[in-house]
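What follows is a set of notes on a single structure, which appears directly below.
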Amino acid sequence: MRCDQTAAWQSLHHRAEAFAGFDLRTAFAADVQRVDGLSQTVPHVFADLSKNHVDAGTEALLQELARQTGLAAHRDAMFRGEHINATEDRAVMHWLLRQPEGSLSGDLAAPLKLVHDTLRPMLAYAEQVRADAQITDVVNIGIGGSDLGPQMAVLALQDFVIPGKRFHFVSNVDGHELATVLQGLKAENTLFLIASKTFTTIETMTNARSALGWFQSQGGRDVARHFAALTTNVAAAAEMGITTTFGFWDWVGGRYSVWSAIGLPVAIAIGGQGFKDLLAGAHEMDQHFQTAPMERNLPVRLGLLDVWYRNFLNFTSRSIAPYHSALRRVPAYLQQLEMESNGKRVDRNGLALPYGTSPVLWGEPGTNGQHAYFQMLHQGTDVVPLEFIAVKKPTHSLKEHHELLLANVIAQAQALMLGQFDDGGHKHFSGNRPSTFLLLDELTPASLGALIALQEHRVFVSGSVWGINSFDQWGVELGKVLAKDIHARIVSGDTSGLDASTAALLQRIR
Ligand code: F6P
C-alpha cells in the first residue's frame, strides 16, 4: 500500500503535531536509557541516533509504516534478483558483486559465478598494473557513478594506495579538466581507464576520444596496453579501438557500480586483496540489512528517520560532515546516491506523489565547514539535520591534530543540541538541532565498504517506503537531448524556434 494511504502515515502525522514541542535536552533528561536505545553497533560502524528528533514511540510507528508499505518484502525481492527496477525491466543486484563465491544456489548461482569469473581477471590485471613500474599515472575517464565511486574510494583509502603511482579522475566535458591532467603526463607512462556503463555518455566519449588523440599524437601506439574500457557495452569500446575490456551487467546501477569493473582504479590503487576487503565489508552490511530484526536494523532505522524528517518534520535537506579529510568526496558521492535514486515525483505506477521524496544532500569535511556554513546550521532559521562521520584511529602520528579534530566533531554535535542562552539575541543559540553520529574505528577498505553499503541500503529503505523506483534516472535525459540540439546550433548559428532567452544566450556565446 502507498505510504500516504496507510494508517501508520496518519498516526505519524498526529505524532508530528505532538512533536512540535519536542526538545532534545528534555528528552535526555527524561530518559536515562536514551543513548542505549538509539545507538547501535553494526559491522564496522557505531551509530548514535540519540541526538535526533525521534523517540522510541516514533520509531515504533515508523516500523509500523515499514510493515504497512511492505519494506521487508521489497528488500527480499531485491535480494532474490527480481526486476524491481520496473521502468527499465532490470534486477537490482549490486549486492551480488560482494557476495562470496559459491555462496548462493538456485537462479542466482549462475550470475554469482559470472561475477567471480569477471572479478578474478580484473584483479589479476590490477596486480599486473601495480607491478608495472613503467605505468606511473592512471587516468580514470568517467562521470557520475563511473567517477564519484572510484574517486571517493581512492581518496578515502589514500593510506593504502601503492606508492609510485598517481591517480587522476577526469569527468567533466570541460576541456580544462582533461588538458590540465594531460599536461603533466607522458604517453608511455600512462594508463587510461575509460569508465562508462553505457559507453554512450557524451562527456566520457568526448574525453576518451581526446585522450586517444593525445596518446597517438605523443607517439603512443599500443592502445591495448595503455587503454582499458570498463563497461557493459564492450562492442562500443571495440568500435573506439579499445580491446582491453572489463565488463559488468545491466543490473548494476551506475551509482551502485564501484563494486564492479568500475572499481578497477580502486583495485589498482589498493591491490586485489584490498578490493576484496572492500567487498567483504559491504557484504557484512548486506547481511546485517537482510537478517537483523527491523527494530535493530541500522539502514532501516536511518531510512525511516529520513522519511520522518522529510515528510513529517518537513526538514528538506541533510548536511553530511565527514571529519576526515580523506572522506572529502563522500558528500558528493552520497549526493548522487540519494538524489539520483530518490529524486522522483511519481510512484512506481507513474502516478504523481502528493508528498516529498529525496532531501537535498550537501556538505564538506569538518572542520572546514565549521568556518563556512555552520553559522547557518547553528543560528539560521531552517533546521538542517547533520550526519557526522568520524574515524577513531588516525593513520598519522600528529596526535594533537586528531584529538582536536575529534574534539570538534563531538563539540559541534553537542553545541547543535545544547545551544546557549543569551537575552541579547545575537549570541543566543536555540539548540535542539538534530544530528546523527557515525563512527568508524579505522578507515580501512572493509570499513569503507560497510559505510557505503549502509548508505545504499538506507536510500533503498526511504525509496521503498515512498513507493518510488530508486533505480532509474529518467530525469537526466532531457538535458542530454537538448544539449545535443544546442551543440548543433552552436556550430550552425541557427536559433530558429528557440525561446528568446535561449536564443539570446546562444548568440552571445557564438
Ligand atoms: O546521466 C546520469 C548517468 O546515467 C548516471 O546514472 C551515471 O552514473 C552516469 O550518467 C554515467 O553513465 P555511464 O557510466 O553510462 O557513462
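Residues that are closer than 21 Å to Asp286 by Cα and open to solvent by less than 10 Å² (accessible area, probe 1.4 Å) within region 44-76 comprise Val45, Ala47, Leu49, Ala66, Leu71, listed in sequence order.
Being within 16 Å of the ligand (Cβ to nearest atom), at pLDDT 95 or above and in a loop (DSSP other than H, G, I, E, B) narrows it down to one of Val258, Val266, so name that one. Selected residue: Val258, the only one of Val258, Val266 that is within 16 Å of the ligand (Cβ to nearest atom), at pLDDT 95 or above and in a loop (DSSP other than H, G, I, E, B).
Each residue in region 105-159 was checked for being among the small types (Gly, Ala, Ser), under 24 Å from the mean Cα position of the chain (by Cα) and in a helix (DSSP H, G or I), and 6 of them qualify.
Condition check: within 12 Å of the ligand (Cβ to nearest atom) and open to solvent by 50 Å² or more (accessible area, probe 1.4 Å). Does Thr206 satisfy that? Considered against the rule, which asks whether it is within 12 Å of the ligand (Cβ to nearest atom) and open to solvent by 50 Å² or more (accessible area, probe 1.4 Å), Thr206 comes out as no. Being open to solvent by 40 Å² or more (accessible area, probe 1.4 Å), at pLDDT 95 or above, aliphatic (A, V, I, L, M) and farther than 23 Å from Thr395 by Cα: is that true of Val129 here? When the stated conditions are applied, Val129 does not pass them. Taken together, the criteria place Thr243 among residues that are more than 10 Å from the ligand (Cβ to nearest atom), of a type in the set (Ser, Thr, Tyr) and outside any helix (DSSP H, G or I). The number of residues in region 478-510 being assigned to a helix (DSSP H, G or I) and either among the hydrophobic types (A, V, I, L, M, F, W, C) or closer than 16 Å to Glu203 by Cα (or both) comes to 19.
The conditions of being away from the ligand (no atom under 12 Å from the Cβ), at negative phi, of a type outside the set (Ser, Thr, Tyr) and not in a loop (DSSP other than H, G, I, E, B) are not met by Gly220. Figure legend. Inter-residue proximity from region 180-202: first residues assigned by TED's automatic domain parsing to the domain that holds Val252 and without any contact (Cβ under 8 Å) to a residue 40 or more places away in the chain, second residues open to solvent by 30 Å² or more (accessible area, probe 1.4 Å) and more than 16 Å from the ligand (Cβ to nearest atom), beta-carbon distance below 7 Å, spacing 6+ or different chains. Indicated pairs: Leu182/Trp214; Ala187/Gln218; Ala187/Gly219.
If I go through region 331-383 residue by residue, how many of them are open to solvent by 40 Å² or more (accessible area, probe 1.4 Å), over 30 Å from Gln420 (Cα atoms), part of a loop (DSSP other than H, G, I, E, B) and more than 16 Å from the ligand (Cβ to nearest atom)? Residues flagged as open to solvent by 40 Å² or more (accessible area, probe 1.4 Å), over 30 Å from Gln420 (Cα atoms), part of a loop (DSSP other than H, G, I, E, B) and more than 16 Å from the ligand (Cβ to nearest atom) within region 331-383 amount to 6.
In region 14-31, which residues are surrounded by 12 or more Cβ atoms within 10 Å (Cβ to Cβ), in a helix (DSSP H, G or I) and modelled with pLDDT of 95 or more? Once the filter is applied, which keeps residues that are surrounded by 12 or more Cβ atoms within 10 Å (Cβ to Cβ), in a helix (DSSP H, G or I) and modelled with pLDDT of 95 or more, region 14-31 yields Arg15, Ala16, Leu24, Arg25, Ala27, Phe28.
If only residues of region 477-508 that are open to solvent by 80 Å² or more (accessible area, probe 1.4 Å) and within 35 Å of the chain's Cα centre (by Cα) are counted, the one that is nearest to Lys344 (Cα to Cα) is Leu478. Comparison of Gly213, Gly145, Gly164 shows that the only residue that is of a type in the set (Gly, Ala, Ser) and within 16 Å of the ligand (Cβ to nearest atom) is Gly145. Within region 259-286, the set of residues being among the β-branched types (Val, Ile, Thr) and within 19 Å of Phe227 (Cα to Cα) comprises Ile262, Val266, Ile268. From the list Val139, Val181, the lone residue that is away from the ligand (no atom under 16 Å from the Cβ), within 30 Å of Val476 (Cα to Cα) and in contact with a strand residue (DSSP E or B) (Cβ under 8 Å, 6 or more places away or on another chain) is Val181.
The values are calculated or read from the model by the stated rules, or taken from the named source; none is laboratory data. The structure presented is a predicted model; accordingly, all values stated were derived computationally and were not measured. Cβ coordinates were reconstructed from backbone atoms using ideal geometry, including for glycine residues, and neighbour counts include every protein chain displayed. Protein only, heavy atoms only, side chains kept; ligands, DNA and RNA dropped before computing areas. Shrake-Rupley method; radii C 1.70, N 1.55, O 1.52, S 1.80 Å.
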